[in-house]
Amino acid sequence: MSDAAQPPPAWQRLDTAQLLLICAAGLVSVVGIAHTAAGGLLDPPIAVGFGALVATGELARLTMPGNREVAPIGTAAALGYTLLLDMGGRPVQHPALQVVAVLAVGMVAGALPHLAVGRTPRLDAVARRLLTAALLALAFRPLAGPLYDMTKGDTGTWTPALGVMALMILGTMLADIVIAAVLRAVQVRTALTVAIRDELRMAAPLGAAVAASGILLVLAAHSMDMAALLVFAAPLLVTQVAFRKYAGIRATYLQTVRALSRVTEVGGYVEPGHSRRVSHLAVAVGRELGMAESELLDLEYAALMHDIGQLSLRDPIPGGATVLTDPEQAARIAELGAEVIRQTGVLGTVAEVVRRQCEPCSADPPLASRIIKAANDYDDLVGGSTDRDRAAAALDRLRLGAGTEYDPAVVEAMSHVITRLSPLRF
């Protein structure tokens, strides 16, 4: 392979926001490690135990829907070490910068096996996990001594300490969500408010489970000493396996839909790459219009399979261009495709989107249907061409039908997307 054909290094594919985040995490790590090396490691067995659990979590990290890299075990262990008040009744007074150092070393140790087999970690995701943990440590560790005093003795109570922990974790989670949303808004070119809404929806269930695990680890360490790490490692691993299976099912589902979408191409019913291009364009337009991530997933499924009804045709439409056929035949193709999708029993919403993709604006079809109609007709006219004049002519044709055949807002959003990505094609 020539040098020109080789992909650029990973760091060159990072945007400015990601680079700033990674640099900030690197700076915090260096300061934490230097401070700990100069002052000495307090409570080494505890630090090593939690560091090992963080490394295990990083080793077992997984990718969730939306290409989100998470490490639930490592994050729970980081919370436990950050919020630790005592170990078996003995006070633990490690400073915030030691927390940062232990977590940084643990994360690096957990990433090394992946690097050895060529699986580069998502540096921005690792940096985000470290920075949010550092924020929590800097806010909480100065309070650890006074909170421990509240919990010891016959009159001691954990209620104030648990309340402070919960509030600080909530604040840290919100900060993490905002950081993740800013990164995602830059990467996928969506509105920040939409990105925050999506991150809240995705982070809430997993974040609540991880936060609860971190606090329970602190309580268990109070009663069980170092054995708490081993006792809690098992259920955390089981939880992670469940999340991994869920992520795997989602990935397999999308791969299956993509494979089905290629049946029309292999059979010669549509041009090669048509379904993929329509899907990419439709999702980009959906983001431009502020659709939520769950809605974008249904839109992607529907766009990939929008032409599957053409398999029922005895004589394929030339080039598969339904934009050139009569409306009755296009509607019949959409109806047949929706019926095929409906037979799966789990894609009812997607089937409805496909069924209504040929309806005029006056019938008020779903937004996803309106997007697919415009994206399909645009690709029928342009195909895989990168010619600007051809793209402009296709957009002009869509604008002529705005208000009747096409939703004006969808056409305008598509124009913005195509202008922004030109001369690249989907």
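The values are calculated or read from the model by the stated rules, or taken from the named source; none is laboratory data. Note that this is a predicted model, so its numbers are computed, not measured. Positions of Cβ are backbone-derived with ideal geometry, glycine not excepted, and every protein chain shown enters the neighbour counts. Side chains are part of the model used for accessible areas, which takes the heavy atoms of the whole protein and leaves out ligands, DNA and RNA. Shrake-Rupley method; radii C 1.70, N 1.55, O 1.52, S 1.80 Å.
Over segment 81-169, what percent of the accessible surface lies on carbon and sulfur atoms, probe 1.4 Å? Show your work: numbers first, answer last.
Numbers: 2550 of 3730 Å².
Accessible surface attributable to carbon and sulfur in segment 81-169 totals 68 percent.
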- Task: Roll a 1.4 Å probe over the protein heavy atoms and report the accessible area of S312 in Å², nearest 10.
- Result: 60
- Message: Between V31 and Q187, what is the label-point separation in nm under the 7 Å Cα-to-beta-carbon projection?
- Response: 2.6
- Item | Helix axis angle, 72-83 relative to the chain longest principal axis, alpha carbon, degrees | 40
- Message: From Cα pairs below 8 angstrom and at least 6 apart in sequence, can you work out the relative contact order of the chain, rounded to a whole percent?
- Response: 13
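With every protein chain present, what is the per residue accessible area of the chain (1.4 Å probe, Å²)?
Values: 19910 Å² over 426 residues.
Solvent-accessible surface per residue comes out at 47 Å².
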- Counting alpha carbon pairs within less than 8 Å and at least 6 residues apart, what relative contact order, in whole percent, applies to segment 121-188? 38
- Relative to the longest principal axis of the chain, what angle (0 to 90°, nearest 10) does the C-alpha long axis of helix 367-382 take? 60
- Helix 16-39 sits at what angle to the longest principal axis of the chain, using alpha carbons and giving 0 to 90 degrees rounded to 10? 10
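Determine the share of segment 298-405's accessible area contributed by carbon and sulfur atoms, expressed in whole percent, with a 1.4 angstrom probe.
Details: 2540 of 4990 Å².
The computed percentage sits at 51.
Of all the accessible heavy-atom surface of segment 186-272, with the other protein chains kept in place and a 1.4 Å probe, what percent is carbon and sulfur?
The computed percentage sits at 70.
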- Per-residue accessible area for D315 at 1.4 Å probe radius, Å² rounded to 10? 120
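What does the C-alpha gyration tensor say about the overall shape of the chain? Classify as rounded when a/c is under 1.5, otherwise prolate if a/b is larger than b/c, or oblate. Please list the in-between numbers first.
Working: a/c = 2.70, a/b = 2.37, b/c = 1.14.
Prolate, since a/c reaches 1.5 and a/b exceeds b/c.
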- Task: For D149, D86, D43, write out the residues from largest to smallest accessible area, computed with a 1.4 angstrom probe and no ligands counted.
- Result: D149, D43, D86
- Message: Over segment 319-374, what is the relative contact order in percent, taking alpha-carbon pairs closer than 8 angstrom and at least six residues apart?
- Response: 28
- What's the local net charge at S223, with K and R +1, D and E -1, over the other residues with C-beta under 14 Å away? 0
- Message: Given the DSSP H assignment, sum -39500 (n - 2.57) over each helix run of at least 4 residues in the chain and divide by its residue total; what's the result at 222 nm in deg cm²/dmol, nearest 500?
- Response: -24000 deg cm²/dmol
- Ranking H274, H222 from most to least accessible area with a 1.4 Å probe gives H222, H274
